């Protein structure tokens, strides 16, 4: 079958491994199905695999994009997956049948980003400076005005119908029903990642110049965090919108945004990784933070505890991390194509006892 | 940090290809891609469609220059390259080589800096060199006015003077002298149809610290104290030497006998002349006689038409070295009423009356450096003049260190490390700056003040 090179290799770690498989190239994107029963993963070669979470079995694999895939996203509360690639296309699939439903034009050579609206009503795509909004049926709902530079990140505001897009120099917030941005936030610099706090109050971005910037969206008040060793692409909010975990080096910097916010406070610093961080992810319904680095190490952290609860070693650099919706499992995608699902619920309970 | 042998460097080499529109970048790219070299090459083009070879990966990119929030020029990078190369390096099918073509109007600074300020780029890619194509004919339309042309020439590790069929040999010499004066560290090649050997443009090691000083020997060519030399074949006799009042009130000359006009003997006379020109000159006024030999003559040129004469006793070949070019003083040599022409002549100073704002300053000095003083001087220099310093590289002898210290830099970015131990050769310091409005005397003075 295309997309899978070989099966299961054991890895040494102290988190129980549910299963492991190897894809044909670097795992560039992972998405859990809304019911948590399936996992989809896209590789740098353009293949997409659908795994059965319980058995670890590969249910389907198909070549989704020539020249490589960039993103796979499962529609919230839906059955379809959307994929994007370096062939300039967006494709909607029936993942279980591996059947192409619809093919859409991103508007530029590479489609870099995809994001379903929280309700699953719209699919947003970013390709070069083009931001497009599609309906579930794959009909172009809106093409927003051309961005002056390549769109670096897009993110829907949680529980809202607002989409933020970042490109060099500015962030804009758009609504599905208007061509005009609802808000434009000017920031002179190159942004690499966007993250809304779950309560939708804060929008923050990690930057090429080794800073993290915060916006309190309502007031457009801003804060800037300096002093990182390198550029920041790893950002994760905890479910209560209190902690923002940031990468930009080998140590994790966690800002406490409760009370008066992080201004003039000292962040919590979590040290374990020896290589540059590549991924950070909080559980959606629990307190755990997962971190992954280019050295192939995984660590699981809880709250302000400066010791990791667990660690695990993977065969190559961590490329993707995704918690299951119920937070009991963590899916890890590696640069060499390894896909691993780790069990966290029982181990967590045991560790706490 | 430790020294790394180049072949052990697992990072993929990247070559930046610059040059004005029409200079032949696309022709060179196509040549590289169509040649049978067995390498997998990825090309980042500044637009789609021109290069077309099936088995290679060609990615179109729009130059997106990103300045960082702190406004520092060294943080100006090509955002599109970080994104595209970041994606490319994830793939399992690795490339042996990456070529980045810039648009004709590009400043090479941000492209080069991209490979030094971004950690991700730095761990996976190694900037190998900047290759600049120059249209030998049409470059003259821009070389005085366009900052981009000047920058592209100044940043280059390799300069290819292309389309040589459109110009005469003299024009080509003039161009080579001109670009050499701007960038003394680059290797210069000439080509007809961008048909330069691939080995000369790929893997040049321009940013390789271990090879920092492995440059064209011309790079360290001394600055000659004379601008012109003529070799004359003179029978015995007295030869009037007429001049006109010129830009200076006096001029030093030396008239040295040479055994014959073989290049070896002529070359030896150059070294004699260099030494001679550092000695005290003997004043000569209009009407006086000059005899060949190891003596520096200072001709007084205050009169309207000063006239001297050369007294030749033994017939043979003579080398006349003049501090300035003969045409500046309309200097002519006569035999009776006939003009005597040199059998050979050579200019020692590139023909640039333009006082190029872009130039190279080379420093070669024996002795050990005081590390603290050097650090302080270099950081001050980069802080104040980093914008104007395009490239620098060098080998330093630090006091108390057994190993050579090698460095290179782009604008304010300084990259240096200890290299192999000094061999028995004399420890010395050798460095070069290429940039805009460089003050040669001040740089030398500043560097010398760092000696321990």
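In segment B:228-347, the C-alpha radius of gyration followed by the widest Cα-Cα span (Dmax) gives 13.2, 39 angstrom. For segment B:358-448, DSSP calls about 95 percent of its internal beta bridges antiparallel.
Taking square-rooted eigenvalues a ≥ b ≥ c of the alpha carbon gyration tensor, is segment B:10-207 rounded, prolate or oblate, where a/c under 1.5 means rounded and, failing that, a/b exceeding b/c means prolate? Oblate, since a/c reaches 1.5 and b/c is not below a/b. Neighbour counting of Cβ atoms within 10 Å sorts the residues A:49, B:338, fewest neighbours leading, into B:338, A:49.
Over segment B:228-347, Cα pairs under 8 Å with separation of 6+ residues give a relative contact order of 48 percent. Averaged over the residues of A:39-45, the number of partner chain Cβ atoms lying within 10 Å of the residue Cβ comes to 2. Dividing the summed -39500 (n - 2.57) terms of all DSSP H runs of n ≥ 4 by the residue count of chain B sets its mean residue ellipticity at 222 nm at -6500 deg cm²/dmol. Classification of chain A by its C-alpha gyration tensor yields an oblate form. The axis ratio a/c (a ≥ b ≥ c) is 1.5 or more, and b/c is at least a/b.
The calculated FRET efficiency for residue B:119 paired with residue A:183, based on their beta-carbon distance and R0 = 35 Å, is about 0.60. In whole percent, what relative contact order does chain B give with Cα contacts below 8 Å and a gap of six or more residues? It rounds to 15 percent for chain B. Taking the helices alone, chain A has a mean residue ellipticity at 222 nm of -500 deg cm²/dmol, built from -39,500 (n - 2.57) per DSSP H run of at least 4 residues and averaged over all its residues.
Extents of the protein assembly as shown, taken as max minus min of Cα coordinates on every principal axis and listed largest first, are 109, 53, 51 Å.
Arranged from fewest to most other beta-carbon atoms within 10 Å of their beta carbon, A:228, A:168, B:321 become A:228, A:168, B:321. With a ≥ b ≥ c taken as the square roots of the eigenvalues of the C-alpha gyration tensor of segment A:229-282, please select rounded if a/c is under 1.5 and otherwise prolate if a/b is larger than b/c or oblate if it is not? It is prolate, given that a/c is not under 1.5 and a/b is the larger ratio.
Listing B:135, A:336 from fewest to most neighbouring C-beta atoms within 10 Å gives A:336, B:135. Over 10 Å intervals from 0, what percent of Cα-Cα pairs in segment A:9-72 sits in each interval? Answer for segment A:9-72: a P(r) of 22, 48, 26, 3 percent. DSSP bridge analysis restricted to segment B:228-347 gives an antiparallel fraction near 85%, rounded to the nearest 5. Of interest is the spacing of the C-alpha centroids, which for segment B:79-93 and segment B:378-452 amounts to 33 Å.
Work out the P(r) tail for chain B: percent of alpha carbon pairs separated by more than 34 Å, whole number. Summing the P(r) tail past 34 Å for chain B gives 43 percent. Which residues in segment A:17-60 have a backbone N closer than 19 Å to a point placed 7 Å from the Cα of residue A:94 along the Cα-to-Cβ line? Of the residues in segment A:17-60, A:33-35, A:38-40, A:48-52, A:59-60 have backbone N under 19 Å from the label point off residue A:94. Note: relative contact order over segment B:10-207, using C-alpha pairs below 8 Å and six or more positions apart, is 27 percent. Take every DSSP beta bridge whose two residues both sit in segment B:254-322, then give the antiparallel share in percent to the nearest 5. That works out to approximately 50 percent antiparallel. Taking the longest Cα principal axis of chain B as reference, the axis of helix B:25-34 is set at about 60 degrees. Under conditions of 37 °C and 0.692 mPa s, segment B:358-448 yields 247 µm² s⁻¹ as its translational diffusion coefficient, taking Rh as the Kirkwood radius over Cα pairs in the Stokes-Einstein equation. Per-residue shielding of A:141-149, expressed as the average number of other chain Cβ atoms within 10 Å of the residue Cβ, stands at 1.
Between the C-alpha center of segment B:257-311 and that of segment A:96-165 there is a gap of 79 Å.
Bear in mind that the values in this text are calculations on the coordinates, not laboratory data. On a predicted model such as this, the values are computed, not experimentally measured, just so you know. Cβ coordinates were reconstructed from backbone atoms using ideal geometry, including for glycine residues, and neighbour counts include every protein chain displayed.
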